[in-house]
Amino acid sequence: RLQEECDVLSLVLAQYEGDIILSEFKAVMLASLRSLVPKDWDSAHEVAWNWFWENVERMLKAIMGKPTVQQASLERFIMSLDEDNLTYLRREIYKRFFTVAPAGQDHFKQSTTRLYWIADKVIEMTSEMYRDPKKLVEDISALGLRHVGYGIPTEFFAPFVSSAVDAVKTINPEEIAQEAFRWSLTLVSKILVRTILEGSTIVMKAINTNDAKQLRKAISVAPRGKRASELLNITVGTQSISPLYWAIESGSLNTAKAMLEDLLVIRADRDNYYYGCDQLFERHPEIIHKLTSDAPNLLRTLLDGLVWRSRLILQGQRRVNYYVKHLVQNADGGFNQALEWIVEGQDPKIICHDVVVLFADMLWSGLAGHFFLLGRCYFLFTLAVFITGQSILPQLHEDPSNQTNAERIAIFTCRILIYVFSMGQLFVNQVRCLVSDCRSGHIVRLFKVIPFPEYLTNMMQVGNLALMLCLLVLCTQDPIFHCINNEGQLFTQHCDGQPNIEVYSTLSMVAMLLYWALLLDLTIFSMQISAFTLVCGRVLSELGLFIGSLIFLIITFASSISALNHNCSDFTNIPAGALSLMEISLGMFPSEHFHQIQEEVAVLLTVSLFIIIVIIFLLNLLVAQLNGAYGAVYDDMVGYARLTRGSIIVSALGGISVKRWDRYLETLGFEERLEFNEGDVGLAGGIQVTEPANEHPTTVENIRRFGGSTSPAMPWPAEEHLQGDGAEDKLDRLEKIILRATKKMTKKNKAANSSSISQSQQSGSSARSADDDNESDR
């Protein structure tokens, strides 16, 4: 190791252009050591330091001066390689390596292009080691930690280096270039081997097998005070790797699940409680995002580990501790993105987990709900003004000419407020969202052709845009503005040259519908109403299919009846026939007109067939489809409703001041330790509630308590009550019992067969001897 560090140090010193006097550094360093520990420093320390520095100085002097020459020669050699030589060198490296170490083929199973890329990186590292040794050492350490996860045996590095060096020699470079390539690649190999050996813990080896049982066995020997860090961090030099993240990224989900379960189990001795929740979120504050994107099946395991339930019942209630501190706040005390990541996952099951429900409802009732309601109060006010100016004041008199000046002024004021404050606010919001999406490049293409901003994928934003456009057209068609110069009544709506009042009234009706439709987001205050609203939206597709089928049948039968020779006035042409069939479908067709249909047999039969198909078959089919669709989607609708509320919480909390957020955190009391049972003060960072005892029945103590030594350096005693409790263990034991029983039966059968054969042989020999005696007597 000392030689390796000296080699790297010599490369770093080679970057320095001035004179390097090692003897002076020895004296300066000796004086510094004496001043740092003046009381403990003695002659033995000085002898040790002198011996150490003499060895370092000897190794450095043996190398100093060479790196600069070797770097220039090696770079000339690499630059002189053309494509043919590179291809030959790549092929020759693996050819020689597979000859020297045939077992290495089991670890180089990638495509040829991938193997050639690896060979190119090896050649590049030999030159990079001279140019930037510090950076390359860090990169090699990170690469070595990844090789720990790959499970690469270190005995293959030496033959690979020798094969690469021999392959380079076949191209006949300069002697200095050969030596530079060999020395640099050997140093890279040493760093890799050391990193792998230091990082190859028993936990990483268990991860490579993806066996939860081996993982639990491997971590059982870790000291209780460092058990969590063994699962979360392996450090070699300046580089570190997380065994938990490596298990997730490598697909070893069985061990990843076992690691999460082990981290989130509460263990206790007489002195301390040990719970890996804090270490987990301190090491991986984005663990929720990681699991949501890469391993969603493990997210429930994580959330389950944040709950403690007492097995004791008091007056029909059970204590429950939810350790949600790290889901609510981040390490800096700000709002954690955990809820945002869960909402992005769009999993209706996870959002209904008890932990998520608790902290999301806590944020909603404590902060977000009030801010959301205040924001919607402005919209409610504009709706009230719009109703007053469009539906109440204009209808006070049957004759509009009887309106008083005060009423006309009130109508004009209401409309001005709508055009300025409601339409203006909607316009500003649309422009802000459009500019934001355009700047950030959030553009979506409709049918992969038509570009439009991403914010319009939200139906509420589409409704806001439609309302803004509707109000804009209303403003241009408002009769008050067209009659403003009328010398008669003030702010009248009736004058010469006014626009078509029917167009204005129709647009006013559409705007009123949009106003009320945009109030549907207030249903988020009740999960039941919100879920019902979402269910209605989900089953609209079934209604759309029914309407499409109905339109097709109406057109089909209307055109068919028009082809008949009849005298029914209701079916004289296709439009009249389609209108009559639509009235029949909706039950609006006048009953007296059926007498005319009865006089035409062909028309009567055709209409009867239409009624059978539409009223009897298609309408009942719609009922069945709605029933089936409702049953299929309702279970998830509460989850989707909570996802909608979660997105509102995230957007609302983004505008809350730091002071308000800090005051809210103080009310939660995350710093106070929670009781497990009466007098048993446990861990901080949670919220304690009570729930009905029959809601989540449990008879098992969720805290694993141990006697004996309480030293953090001691591992936990073997958890015998957990051994063999899994379904796989039970199957293994059953399989062993069956195998033993089969062996015993096989032995008994063999013994029975051998005894029967011996008896038959004995009877046969006795019979033959009797026959021989008879023949001799004769």
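The values are calculated or read from the model by the stated rules, or taken from the named source; none is laboratory data. None of the values given here were measured: they were computed from a predicted structure. Here Cβ is always computed from backbone atoms with ideal geometry, including for glycine, and neighbour counts include all displayed protein chains. These area figures cover heavy atoms from the full protein model, side chains too; ligands, DNA and RNA do not enter into them. Shrake-Rupley method; radii C 1.70, N 1.55, O 1.52, S 1.80 Å.
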Expected field for W41, accessible surface area in Å² at 1.4 Å probe radius, rounded to 10, holds 50
FRET efficiency for I611 and Q688 from the Cβ-Cβ distance with R0 = 60 Å, rounded to 0.05, comes out at 0.40
Sorted largest first, the Cα spans of the range 567-636 on the principal axes come out in Å as 55, 20, 20
So, relative contact order of the chain in percent, Cα under 8 Å, 6 or more apart, is 14
For the chain, the longest principal axis of the Cα atoms and the Cα long axis of helix 459-477 enclose an angle in degrees, to the nearest 10, of 30
Rounded to the nearest 5, the percent of antiparallel DSSP beta bridges in the chain equals 90
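Divide by every residue of the chain the summed helix terms, -39500 (n - 2.57) for each DSSP H run of at least 4, and state the resulting mean residue ellipticity at 222 nm, rounded to the nearest 500 deg cm²/dmol. Intermediate values should be presented prior to the final figure.
Details: 33 runs with 493 residues, N = 778.
After summing the helix terms and dividing by residue count, I get -20500 deg cm²/dmol.
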Hull volume per residue for the chain, using the convex hull of the C-alpha atoms, in Å³ is 515
In the neighbourhood of H696 defined by beta carbon distances under 14 Å, the net charge of the other residues (Lys, Arg +1; Asp, Glu -1) is 0
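Using a simple charge model, +1 on the beta-carbon of Lys and Arg, -1 on the beta-carbon of Asp and Glu, nothing else, what dipole does the range 154-224 show about its Cα centre, in debye to the nearest 20?
Values: 9 positive and 7 negative charges, 147 e Å.
In debye, rounded to 20, the range 154-224 gives about 700.
Packing-wise, with mean Cβ within 10 Å as the measure, how do 641-653, 468-480 rank, highest first? If you can, show how the numbers build up before the last one.
Working: 641-653: 21.3, 468-480: 18.1.
Highest-to-lowest ranking by the protection proxy: 641-653, 468-480.
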For the range 496-593, whose charge dipole is built from +1 on Lys and Arg Cβ atoms and -1 on Asp and Glu Cβ atoms, the candidate among T572, A511, G548 with its Cα farthest towards the positive end is G548
So A27 and E4, fully extended at 0.36 nm per residue minus their Cα-Cα distance, gain in nm 5.9 nm
Rounded to whole Å, √(5λ) for the Cα gyration tensor eigenvalues of the range 104-154, largest first, gives 22, 16, 7
Two pseudo-spin positions, 7 Å from Cα along C-beta at S111 and at S43, lie apart in nanometres by 7.1
The range 404-466 and the range 332-352 have their Cα centres apart by a whole-number Å value of 29
Here the range 242-259 yields Karplus 3J(HN,Hα) values (6.51, -1.76, 1.60; θ = phi - 60°; whole Hz; Gly and Pro given as x) of 9, x, 5, 5, 5, 4, 5, 5, 8, x, 7, 6, 5, 6, 4, 5, 5, 5
The alpha-carbon pair-distance distribution computed for the range 423-466, with 10 angstrom bins and whole-percent values, is 28, 55, 16, 1
Here the cysteines of the chain without any disulfide-compatible Cβ partner under 4.7 Å are C6, C277, C352, C377, C414, C433, C438, C470, C475, C536, C568
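In the P(r) worked out for the range 593-689, what percent of Cα pairs fall beyond 23 Å? Before the final figure, lay out the partial values.
Working: 3142 of 4656 pairs.
I get 67 percent for the Cα pairs in the range 593-689 exceeding 23 Å.
Sequence gap at least 6, Cα distance under 8 Å: using those rules, report the relative contact order of the range 409-527 to the nearest whole percent.
On the way: 83 pairs, mean separation 26.1, N = 119.
That works out to 22 percent.
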Out of N464, F427, V357 - ranked by how far each Cα lies towards the positive end of the dipole of the chain, with unit charges on the beta-carbon of charged residues - the top one is V357
For the N677, S229 Cβ pair and Förster radius 45 Å, calculated FRET efficiency rounded to 0.05 is 0.95
In the chain, taking the dipole from +1 charges on Lys and Arg beta carbons and -1 charges on Asp and Glu beta carbons about the Cα centre, the listed residue (A247, L581, S43) farthest towards the positive end is S43
Note on the range 422-534: the mean projected area of its alpha-carbon convex hull, in nm², is 10.7
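When the chain is fully extended, how far beyond the present Cα-Cα distance does R705 get from A563, taking 0.36 nm per residue of separation?
Working: separation 142, 0.36 × 142 = 51.12 nm, distance 8.82 nm.
So the chain would gain 42.3 nm between R705 and A563.
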Note: E198 to N85 extended length (0.36 nm per residue) minus current alpha-carbon separation gives 37.0 nm
Whole-Å distance linking the alpha carbon centroid of the range 623-646 with that of the range 520-537 is 10
Per the range 198-318, sqrt(5λ) over the Cα gyration tensor eigenvalues, sorted largest first, in Å, gives 26, 18, 14
The simple spin-label model distance between H397 and M64, using points 7 Å out along Cα→Cβ, in nm, is 10.7
Note on the range 334-424: contact order normalised by length, alpha-carbon pairs under 8 Å, 6 or more apart, percent, works out to 23
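Apply the a/c threshold of 1.5 to the C-alpha gyration tensor of the range 518-569 and tell me whether it is rounded, prolate or oblate. Show your work: numbers first, answer last.
On the way: a/c = 6.57, a/b = 4.08, b/c = 1.61.
The shape class here is prolate.
Please work out the Cα convex hull volume for the range 5-110 and give it in Å³ per residue.
Spelled out: Cα convex hull of the range 5-110, divided by residues, is 199 Å³.
Relative to the compact-globule scaling 2.2 N^0.38 Å, provide the ratio for the alpha-carbon radius of gyration of the range 659-723.
Dividing the Cα Rg of the range 659-723 by 2.2 N^0.38 Å gives 1.58.
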Rh_Kirkwood(the range 130-221) over Cα pairs, Å, one decimal, evaluates to 15.0
Of the accessible area of the range 596-714, computed with a 1.4 Å probe and all protein chains kept, carbon and sulfur make up a percent value of 58
What one gets for the range 290-443 as the Kirkwood radius, inverse of mean 1/r over different Cα pairs in Å, is 20.7
Once the in-chain neighbours fewer than 8 apart are removed, the lysines whose Cα is under 19 Å from K325 read K290, K659
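When 1/r is averaged over all different Cα pairs and the result inverted, which Kirkwood radius in Å belongs to the range 229-293? List each step's numbers first, then the result.
Values: mean 1/r = 0.0786 Å⁻¹.
In the range 229-293 this quantity evaluates to 12.7 Å.
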Computed for the chain: size of charge dipole around the Cα centre, +1 on C-beta of each Lys and Arg, -1 on C-beta of each Asp and Glu, debye to nearest 20, value 2000
Taking a crude spin-label model, label points 7 Å out from Cα along the C-beta direction, the R445 to V428 distance in nm is 3.6
The size of the Cβ-based charge dipole (Lys, Arg +1; Asp, Glu -1) of the range 403-552 about the Cα centre, to the nearest 20 debye, is 520
